[in-house]
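A quick write-up on the structure given underneath.
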Amino acid sequence: MNLRDLEYLVALEEEKHFRKAAERCFVSQPTLSGQLRKLEDELGVILIERTSRKVLFTPAGDAMARQARKVLKEVRELKSIGQHFAEPMSGEIHIGFIPTVGPYLLPHIIQDLREHFPKLEFYLYEEQTQVLLKRLDEGELDCLVLAELEGMDGFGSIPLYQEPMWLAVPQHHPEASARAVPLGNLKGKKLLMLADGHCLRDQAMGFCFAAGIGEDQRFKGTSLETLRNMVAAGSGMTLVPRLAVPANAEEGGVSYRPVIDPVPGRTISLLYRHYSVRRPCFNELASRISALMKGLLG
């Protein structure tokens with residue numbers, strides 16, 4: 001038994017498909033299948049029921065996969081300890097971003113970070129909040145950049161910047177002529193929102209509920225770009241994070257206006273496991289990102 005066998009087992013348990021698990025592990029399907037058969041022979045138990053349609057794990061397979069995940073997590077931590085003491089700002093770093101942050105923040109920071117920390121090798125991932133939190137907890141990711149929400153107390157957190165939300169309306173909309181829109185002006189109106197599972201939805205709904213603003217139930221977007229296109233088509237209005245606002249606030253049939261009294265916003269933070277030995281690295285990254293955002297957002 002070796003660590004690679006455990007990686008194959010975990011990949012298959014998560015993918016429930018031999019070809020997909022093999023692709024994830026960068027090996028051929030026969031190689032992965034053959035190694036898992038050898039693992040079964042070594043242990044003397046059947047781990048996987050192989051059928052023509054699907055992969056089923058036996059109780060022994062489920063137990064082995066759970067333990068293998070723990071072992072691989074500890075191995076990653078051992079590597080991090082060695083790397084930390086050798087040189088904190090070097091080696092691989094795996095960072096997760098939520099979809100309403102990554103596409104709009106990364107163009108402003110990634111080149112600078114690569115130049116500022118040339119010995120760090122950045123691996124970037126985009127997933128929804130709950131998926132990222134699970135991957136962080138299991139040691140697959142080193143840290144996350146996301147909007148802080150309740151229930152994240154189990155992780156360490158370094159605030160990066162405060163991001164206001166702007167109102168996006170069709171260019172013929174009455175609010176398009178205002179320099180800024182008081183939140184009270186939207187009372188009794190309905191906004192387009194992202195679908196369940198997006199943290200931006202939860203944050204926007206919080207502001208809207210407090211201000212007496214409703215949700216347009218006729219459409220729920222899967223991305224900010226979908227909402228933007230719906231606004232451009234005259235199908236409603238929505239709130240977007242400041243970094244998602246284009247340089248030209250009158251673009252593509254959409255007018256973007258700051259919201260005031262009060263200003264809706266969210267805190268973007270860097271999350272990490274409390275016990276991670278890479279805290280000095282995270283501190284350096286957070287400091288650099290904060291400085292870049294201060295210059296951009298003011």
Report summary line: Quick count over region 202-236, residues being closer than 17 Å to Met165 by Cβ and basic (Lys, Arg), is 1
Report task. Just need a number here: residues in region 228-243 that are in contact with a Leu (Cβ under 9 Å, 6 or more places away or on another chain) and part of a helix (DSSP H, G or I). Result -> 4
Query raised in the report: Can you spot a residue in region 16-39 that is among the small types (Gly, Ala, Ser), closer than 21 Å to Gly139 by Cβ and surrounded by 13 or more Cβ atoms within 10 Å (Cβ to Cβ)?
Result: yes
Query raised in the report: Applying the selection to region 248-282, what residues are surrounded by 14 or more Cβ atoms within 10 Å (Cβ to Cβ), charged (D, E, K, R) and under 30 Å from Ala178 (Cβ atoms)?
Result: Glu251, Arg257, Arg266
Query raised in the report: Quick check, is Glu225 in contact with a helix residue (DSSP H, G or I) (Cβ under 9 Å, 6 or more places away or on another chain), part of a strand (DSSP E or B) and more than 30 Å from Pro88 (Cα to Cα)?
Result: no
Query raised in the report: List the pairs whose first member sits in region 107-130 and is closer than 30 Å to Leu194 by Cα, whose second member is small (Gly, Ala, Ser), and whose Cβ atoms are under 6 Å apart, counting only residues at least 6 apart or on separate chains?
Result: Tyr125/Gly96; Glu126/Gly102; Gln128/Gly197
Requested in this report: Using the structure shown, decide if His198 is surrounded by fewer than 21 Cβ atoms within 10 Å (Cβ to Cβ), in contact (Cβ under 8 Å) with a residue 40 or more places away in the chain and more than 13 Å from Thr238 (Cα to Cα).
Outcome: no
Query raised in the report: Where in region 51-139 are there strands (runs of 3 or more DSSP E), lying wholly inside it, with at least 3 residues that are farther than 18 Å from Val10 by Cβ and either in the same structural domain as Tyr8 (by TED's automatic domain parsing) or not hydroxyl-bearing (Ser, Thr, Tyr) (or both)?
Result: 91-97, 120-126
Report task. For Asp5, work out the one condition from (1) more than 26 Å from His94 (Cβ to Cβ); (2) assigned to a helix (DSSP H, G or I); (3) out of contact with any strand residue (DSSP E or B) (no Cβ under 8 Å at 6 or more places or on another chain); (4) of a type in the set (D, E, K, R) it doesn't fulfil. Result -> (1)
Query raised in the report: Within the group Leu296, Leu270, Leu285, which residue is under 25 Å from the mean Cα position of the chain (by Cα) and at pLDDT below 95?
Result: Leu296
**Report entry** Sole residue being under 21 Å from Pro164 (Cβ atoms) and either outside any helix (DSSP H, G or I) or outside the structural domain of Phe209 (by TED's automatic domain parsing) (or both), chosen from Pro280, Pro262
**Finding:** Pro262
Query - Index of the failed condition, Gln217 passing every other in (1) more than 24 Å from the chain's Cα centre (by Cα); (2) at pLDDT 90 or above - result: (2)
Query raised in the report: Among the listed residues Val101, Val71, Val55, Val45, which satisfies the condition of being at pLDDT 85 or above, under 24 Å from Leu285 (Cβ atoms) and of a type in the set (A, V, I, L, M)?
Result: Val101
Requested in this report: Determine whether Leu3 is among the hydrophobic types (A, V, I, L, M, F, W, C) and exposed (fewer than 12 other Cβ atoms within 10 Å of the Cβ).
Outcome: yes
Report summary line: By residue number, the members of region 31-62 that are β-branched (Val, Ile, Thr) and in contact (Cβ under 8 Å) with a residue 12 or more places away in the chain are Val45, Ile46, Ile48, Val55, Thr58
Query raised in the report: Filter region 229-247 for residues that are farther than 19 Å from Ala178 by Cβ and in contact with a helix residue (DSSP H, G or I) (Cβ under 8 Å, 6 or more places away or on another chain); which is surrounded by the fewest Cβ atoms within 10 Å (Cβ to Cβ)?
Result: Leu243
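The values are calculated or read from the model by the stated rules, or taken from the named source; none is laboratory data. No experiment lies behind these values; they were computed from the predicted model shown. Positions of Cβ are backbone-derived with ideal geometry, glycine not excepted, and every protein chain shown enters the neighbour counts.
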